[in-house]
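Heads up, the thing below is written out as structure tokens.
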Amino acid sequence: MSDPIVILTEEPLGADDRVNIETLVAGGDAPLVVLVPANTERHLLVDFLENLSLLEIAKAFRELTESPDPAAERAEAAETLAASLTALAGLGGGVSGQIVEGRPVEGLVAKVKELGAGQAVVITRPHALADTFHTDWANKAQDRLGLPVLHLYAGSGFIGDS
């Protein structure tokens with residue numbers, strides 16, 4: 001059996017993501033482990049500036065006034081995990097997953113080390129500031145793990161710069 005591949009995602013994986021992961025597995029029997037954070041570490045200023053950079057002005061101001069509900073975040077994470085497991089069903093040597101409590105990158109690093117995984121993948125939507133300044137999850141994980149971390153943008157074939 002091949003080394004596991006650990007996937008950290010903030011978005012529900014879909015058909016396009018399945019194609020990307022299928023290419024990565026390349027017909028092998030590597031088990032896939034999907035991690036979904038219960039809390040995506042919102043940074044109000046970064047989120048605000050990111051929304052402004054994408055010309056989502058109403059959303060930028062709306063998110064400044066909203067406080068995340070932990071129960072709602074956990075329920076959303078469970079839905080994201082279920083959709084992702086369904087999207088990847090039948091690939092590699094099986095697909096499993098879990099919700100990560102605490103910091104997402106810490107959860108990814110811990111799981112990669114626990115399983116002795118040979119590959120780590122981060123799937124996110126584009127984050128203008130974090131991607132530009134290399135403070136995104138993939139770059140942080142790569143710094144901590146010392147192995148390449150593939151950064152894919154959800155629902156597309158685009159690869160992030162990690």
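Summary table
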| item | result |
| --- | --- |
| Among 28-39, 97-108, the order from most to least packed when residues are scored by Cβ within 10 Å on average | 28-39, 97-108 |
| Rounded FRET efficiency, nearest 0.05, which uses the C-beta distance separating D69 from S96 and R0 of 22 Å | 0.20 |
| Computed E for I57/K113 - FRET, C-beta separation, R0 30 angstrom, nearest 0.05 | 0.10 |
| Sequence-distant residues sharing a close amide H with S2 (under 5 Å, placed H) | D29, A30 |
| Separation in nanometres of the label points that stand 7 Å from Cα toward Cβ, at E79 and V19 | 2.6 nm |
| Residues whose placed amide H lies under 5 Å from that of G94, excluding near-sequence neighbours | L32 |
| Amide hydrogen neighbours beyond the local backbone of I7, cut-off 5 Å, H modeled | V33, V34, L35, V121 |
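Quick note: the coordinates plus some simple rules give every number you see, no bench work behind them. Since the model is a prediction, treat every value here as computed from it, not as a measurement. In this analysis, Cβ positions are derived from the backbone assuming ideal geometry, glycine residues included, and neighbour counts consider all displayed protein chains.
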